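The values are calculated or read from the model by the stated rules, or taken from the named source; none is laboratory data. Treat the numbers as computed from the prediction; the structure is a model and nothing was measured. Every residue, glycine among them, receives a Cβ derived from its backbone with ideal geometry; neighbour counts consider all protein chains shown.
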Amino acid sequence: MKIELLAFLCSALVPAATTALESWTFAEVDAEVPIAVSDHSGVRSPDNGLVYLAGGCDHPSGNVWNADFATFICDSITDAFFAFDPATKTFETLESLPRPRYRHSSAIVDGKVFLLGGRTLFDDLIPEIDMYDIATKTWSTPSSLPAEFAVSDHAGFGSSDIYIAGGYDQNYTAMSRVVKISGDGQTFTRVGDLLEERGDVFGVATKDGTKAYVAGGFTHTNWCKPLTSAEEYDFSSETWTSLPDLVDARGEILLVENRGHLYAIGGEGPLDEGVCASNNYTIATKTVATDRIEILNDGETAWKILEDFPEERFRFAAVGVEEDDVIYTFGGQVKFDDSCQCFKTTNKVFVYGKPEDVADKGTIVEADSGSAKSHYAAVAIFALGLVVTLF
């Protein structure tokens, strides 16, 4: 399942040498999200440069194993709303959301932050569209998604309009549907479907509003087999075309387009497809958070693997800050903790970029040597998603 419709500050993809990025590294930012949170949304304003983080699962233990339902469940969601300033590396607590929500999406259009879809604590889809006016710092609810378009764990992106793509319906059936929503939140238009049904998926649009991207995810036909496929949306023709497949099958992939590079960061999926399919898994291996980062350059025929994330993580938010040539990640859930049979939430903030660009933003950290990557290699599968049976 997924958190949010993320709209990121991006630029059009241009050819670039991957070797120039192989020296990139992570720094842990001194500032922390005011609460440990996952399944939230994050989007950056192109006007004031602030990153807006909304809602999410705020239980300290994140998703905890529930034996009755044979799945992981979050027992607390939040209406918290924060702004992060990359220039000062500080957070501001803003007016709370009109309602708690998680596994939703956010997008910015014309100085307004829109929250769409997602679920309540009781797993019901949320129809209301909530809108935050950045200038007046106030919330309103201009409309609701029509019942046939209600969704969670979907991809999303913004241009002059707002888009929601894929995701799950109330019963966790994965969809290929794409809906364009007018900038005032009043008009809903069905546009070109995804090539493949998928939930547990994120979306990102280029800054010039010509292209958008989705990758990975899950379908209801096989929760044990995350997708490797990726797609590109052309706003002018309202159609999708295939991109090269990911190296690693994943759901819940954070997509960030920054300075001509498309990044696929982190995520989750079953440790072993065969074990998952046979229901012979342990709680600790039913799903595994991963630290994988891949990159795709425009015109290239394959994704490439880059530096690993410092720790296994999924269900976080990420945005690119192009003027600094870095990517920030916020919160999420970390690897399985047997002591609580859970994936704990975190409030850590990391910044990813060239060493000289991140050194003044935090403390340089190395990739986790005990990463899920080594386990994935052993079983020849890499997964980053959210199995709907998990949540």
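The table for this structure:
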| item | result |
| --- | --- |
| Identity of the residue in region 126-137, out of contact with any helix residue (DSSP H, G or I) (no Cβ under 9 Å at 6 or more places or on another chain) and farther than 14 Å from Tyr52 by Cβ, that ends up surrounded by the fewest Cβ atoms within 10 Å (Cβ to Cβ) | Thr136 |
| Within region 211-269, tally of residues that are over 12 Å from Ile295 (Cα atoms), buried (at least 20 other Cβ atoms within 10 Å of the Cβ), touching a Gly at 6+ places or on another chain (Cβ under 7 Å) and charged (D, E, K, R) | 3 |
| Strands (runs of 3 or more DSSP E) lying entirely in region 191-250 (those with 1 or more residues that are charged (D, E, K, R)) | 211-215, 230-234 |
| Residue count for region 275-309, restricted to those that are out of contact with any Lys or Arg (no Cβ under 6 Å at 6 or more places or on another chain) and either free of Cβ contacts under 8 Å to residues at least 60 places away in the same chain or of a type in the set (A, V, I, L, M, F, W, C) (or both) | 21 |
| Residue check, Asp153 among the acidic types (Asp, Glu), within 29 Å of Gln341 (Cα to Cα), in contact (Cβ under 8 Å) with a residue 12 or more places away in the chain and buried (at least 18 other Cβ atoms within 10 Å of the Cβ) | yes |
| Test for Thr282: is it polar (S, T, N, Q), modelled with pLDDT under 90 and in contact with a Leu (Cβ under 8 Å, 6 or more places away or on another chain) | no |
| Count of residues meeting criterion [free of Cβ contacts under 8 Å to residues at least 12 places away in the same chain and in a loop (DSSP other than H, G, I, E, B)] in region 346-368 | 1 |
| Residues (farther than 16 Å from Lys335 by Cα, more than 19 Å from the chain's Cα centre (by Cα) and either without any contact (Cβ under 8 Å) to a residue 12 or more places away in the chain or part of a loop (DSSP other than H, G, I, E, B) (or both)) located in region 50-85 | Asn66, Ala67, Asp68, Phe69, Ala70, Asp75, Ser76 |
| Residues (aliphatic (A, V, I, L, M) and farther than 19 Å from Ser41 by Cβ) located in region 245-288 | Leu246, Val247, Ala249, Leu262, Leu271, Val275, Ala277, Ile283, Ala284, Val288 |
| Any hit, region 181-196, residues being buried (at least 24 other Cβ atoms within 10 Å of the Cβ), in contact with a strand residue (DSSP E or B) (Cβ under 9 Å, 6 or more places away or on another chain) and either within 14 Å of Ser105 (Cβ to Cβ) or in contact (Cβ under 8 Å) with a residue 60 or more places away in the chain (or both) | yes |
| Residue within region 298-312 that is assigned to a strand (DSSP E or B), at pLDDT 90 or above, surrounded by 21 or more Cβ atoms within 10 Å (Cβ to Cβ) and touching a strand residue (DSSP E or B) at 6+ places or on another chain (Cβ under 7 Å) present | no |
